[in-house]
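Reading through the structure tokens given below for one structure.
Nothing in this text is a laboratory measurement; each read-out follows from the coordinates by a stated rule. The structure displayed is predicted, hence computed values, not measured ones. All Cβ positions, glycine included, derive from the backbone under ideal geometry; neighbour counts span all protein chains shown.
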Amino acid sequence: MAAETPASQGPAAGGSAGVTGGSAAGWSDRFEEGLHPVIERFNASIGFDIALLQQDLDGSIAHARMLGVCGVISPEEAGRLEEGLEQVRSEAATGRFQPGIEAEDVHFAVERRLIELLGSLGKKLHTGRSRNDQVGTDVRLWLRDRIDAIDGALLRFERALLAQAEAHADTLIPGYTHLQRAQPLALAHHLLAYIEMAERDRQRLADVRRRVNISPLGAAALAGTPVPIDRRHTAATLGFDAIYANSLDAVSDRDFAVEFMAAASLVMVHLSRLSEEVILWASEEFGFVSLTDRCATGSSLMPQKKNPDVPELVRGKSGRVFGHLIGLLTMIKGLPLAYNKDFQEDKEALFDGVATCLDCLEAMAILFEEGLEFRAARLEEAVGRDYSNATDVADYLVARGVPFREAYQLVGSLVKTCLREGLLLRELPLARWQALHPAFAADIYGAIEPRQVVAARRSEGGTAFEQVRLQLERARQRLEAPEAGVA
Ligand code: ARG
């Protein structure tokens with residue numbers, strides 16, 4: 001991306017004078033020659049870290065104010081630095097601030113523009129800090145905000161699931177294990193399982209957020225600074241809960257990025273599993289949902305087709321987020337303390353991981369809001385035409401004193417007979433039930449009726465309608481007044 005940014009664009013671009021106005025390369029006077037143009041491009045992160053501009057300005061304003069409060073610069077100078085930084089913000093808002101790759105990264109780009117605006121006062125901003133603690137601060141501020149956005153997207157997704165669950169409080173769906181018909185379920189019960197997963201995702205992200213929200217600012221390059229700064233002042237201005245206790249750890253820690261990506265990976269796992277179910281449900285073979293025109297696509301060749309592109313893309317995109325997790329772990333694992341340029345690679349992973357996660361949550365929320373309709377008649381028919389009530393026949397005998405394993409064997413043989421004769425259990429005449437075991441009476445037909453099979457599973461957290469109603473109420477309460485920032 002950096003390669004596409006014209007070097008001559010914008011007011012901050014063009015000059016070869018560096019931040020300090022020193023050498024051709026923009027570094028201290030130790031350097032005499034400029035960078036090789038390919039290396040300049042290779043080294044630059046401005047093409048993507050411009051996304052951190054607002055956070056960089058916020059961090060710099062907090063730093064300037066603190067320098068003023070601590071008497072490192074005068075309050076008047078601090079005020080003018082803040083005005084200059086706000087000027088950069090408004091130039092960016094109107095598209096006038098478009099640094100090219102010679103700025104290297106967003107931090108240099110801002111400082112360079114500030115020096116253009118304020119002259120030598122601008123050169124005081126970097127007192128008592130380094131880009132190492134600065135970039136760590138920016139990334140944490142950015143991620144904190146994005147975690148809050150993902151939390152909001154998870155809530156919307158949960159509300160979409162809940163609305164479907166409430167609309168289908170009495171609808172049944174076949175339940176599967178090994179993708180073989182197992183026992184019928186309340187459809188709401190099935191959807192509520194995904195609400196539980198999303199709630200865990202929210203809790204995990206809230207926990208990650210606690211470790212994201214710690215300030216590294218003032219750790220300087222790695223060892224702290226002799227400048228009499230107040231790290232707690234900048235931390236408070238920026239809304240951090242605490243400061244890093246160790247300056248080396250402060251600039252070396254990317255655990256929070258890994259933790260975030262692990263939490264985001266689980267969000268994607270959950271979305272991907274739900275996607276897989278929707279894809280199956282939308283197939284001719286299952287026929288449990290139909291896709292609305294708003295969220296499905298056609299085939300360029302086969303006019304009869306309606307494709308579930310949304311869940312397929314979500315399922316496919318999950319791999320990107322898992323890849324970023326492994327990428328981050330691998331990037332960090334061999335790094336000696338403290339800052340290493342390898343860390344520059346954390347940004348694109350975070351940016352893409354966050355964008356993917358947010359996009360997928362939003363798309364899945366829309367899919368459940370208006371992209372699919374459960375086919376109640378098909379579902380009704382499906383649960384009535386299988387042997388998923390066989391366990392209930394065994395349970396019937398158990399309730400009448402037959403040991404479970406014995407009942408299980410008897411029903412197994414019964415199912416075998418039915419399969420051979422092409423009969424459903426409910427189609428067997430009473431005489432044949434009684435020939436199998438004298439405990440069977442006419443009420444066996446009611447006991448194996450799908451709605452009764454579901455209603456019977458009253459154990460806590462089971463699929464019985466009354467249990468599901470409790471879950472629905474709890475979910476409704478939780479989603480009407482979600483805890484702020486979760487945990
Ligand atoms: N662009 C750099 C990054 O993203 C900023 C920090 C640079 N620090 C340094 N010592 N070169 O990590």
request  = Note the full-extension length gain between Arg469 and Ala167 as 0.36 nm times their separation in residues minus their Cα-Cα distance, in nm to one decimal.
outcome  = 107.5 nm
ask   = With each label point set 7 Å from Cα along the Cα-Cβ vector, what nm distance links Glu370 and Ser299?
value = 2.8
task = Find which of Phe108, Thr297, Thr177 sits farthest along the positive direction of the dipole of the chain, computed with +1 on the beta-carbon of Lys and Arg, -1 on that of Asp and Glu, about the Cα centre.
result = Thr177
inquiry  = If I model a spin label at Lys306 and Arg211 as a point 7 Å from the Cα along the Cα→Cβ vector, what separation in nanometres do I get?
reply    = 4.6
message = Using 10 Å bins from zero, what percent of all Cα-Cα pairs in the chain falls into each bin?
response = 4, 16, 21, 18, 14, 11, 8, 5, 3, 1, 0
key: Debye, to nearest 20: dipole size of the range 97-138, +1 on Lys, Arg Cβ, -1 on Asp, Glu Cβ   = 220
ask   = Can you give the Kirkwood hydrodynamic radius for the range 19-115, in Å, rounded to one decimal and based on Cα pairs?
value = 14.4
inquiry  = Test of understanding: extend the Cα→C-beta vector of Ile39 to 7 Å, then name every residue of the range 88-107 with backbone N under 19 Å from that spot.
reply    = 101-105
request  = Output ³J(HN,Hα) for the range 283-290: one whole-Hz value per residue in order, computed from phi by the Karplus curve 6.51 cos²θ - 1.76 cosθ + 1.60 with θ = phi - 60°, and x for Gly and Pro.
outcome  = 6, 4, 5, 8, x, 7, 10, 10
key: Average silhouette area of the range 324-368, convex hull of alpha-carbon atoms, in square nanometres   = 3.4
query = Can you list residues whose amide H is under 5 Å from Ala182's amide H, if they're 5+ apart or on another chain and H is modeled 1.01 Å from N?
reply = Gly175, Tyr176, Thr177
Gyration tensor (alpha-carbon) shape descriptor, the range 280-436, a/c threshold 1.5 = oblate
remark   = By the C-alpha gyration tensor axes a ≥ b ≥ c (rounded if a/c is under 1.5, else prolate when a/b exceeds b/c, else oblate), the shape of the range 372-465 is oblate
query = Farthest toward the dipole's positive end in the chain, which of Ile444, Tyr244, Ala263, given Cβ charges of +1 (Lys, Arg) and -1 (Asp, Glu) about the Cα centre?
reply = Ile444
ask   = So if R0 is 45 Å, what FRET efficiency would Asn246 and Ser459 give, r being the distance between their Cβ atoms, rounded to the nearest 0.05?
value = 0.35
task = Please figure out what share of the DSSP beta bridges in the chain is antiparallel and state it in percent, rounded to the nearest 5.
result = 80
ask   = How big is the charge dipole of the chain about its Cα centre, in debye rounded to the nearest 20, if each Lys and Arg gets +1 on its Cβ and each Asp and Glu gets -1 on its Cβ?
value = 1060
request  = Jot down the per residue volume, in cubic angstrom and as a whole number, of the convex hull over the alpha-carbon atoms of the range 71-126.
outcome  = 70
task = State, as an integer percentage, the relative contact order of the range 217-368 based on alpha-carbon contacts under 8 Å between residues 6 or more apart.
result = 26
remark   = Under the helix-only model (-39500 (n - 2.57) for each DSSP H run of 4 or more, divided by the residues of the chain), the mean residue ellipticity at 222 nm, to 500 deg cm²/dmol, is -18500 deg cm²/dmol
ask   = If you place +1 on the Cβ of every Lys and Arg, -1 on the Cβ of every Asp and Glu, and leave all else neutral, what size is the dipole of the range 210-304 about its Cα centre, to the nearest 20 Debye?
value = 460
key: Contour excess over end-to-end distance, with Cα ends at Ser283 and Ala431 and 0.36 nm allotted per residue   = 49.3 nm
task = Rounded, prolate or oblate: pick one for the range 331-419, where a ≥ b ≥ c are the square roots of the eigenvalues of its C-alpha gyration tensor, a/c under 1.5 means rounded, and failing that, prolate if a/b is larger than b/c, else oblate.
result = oblate
note = Among Ala475, Pro226, Val139, the residue whose Cα sits farthest towards the positive end of the charge dipole of the chain (+1 at Cβ of Lys and Arg, -1 at Cβ of Asp and Glu, taken about the Cα centre) is Ala475
note = Quick numbers on the range 218-297, Rg and Dmax over C-alpha atoms in Å, give 23.9, 72
Lysines with Cα under 30 Å of Lys341, excluding same-chain neighbours fewer than 8 positions away = Lys123, Lys124, Lys317, Lys333
request  = Just need the relative contact order of the range 32-91 here, percent rounded to a whole number, with Cα pairs under 8 Å and 6+ apart.
outcome  = 27
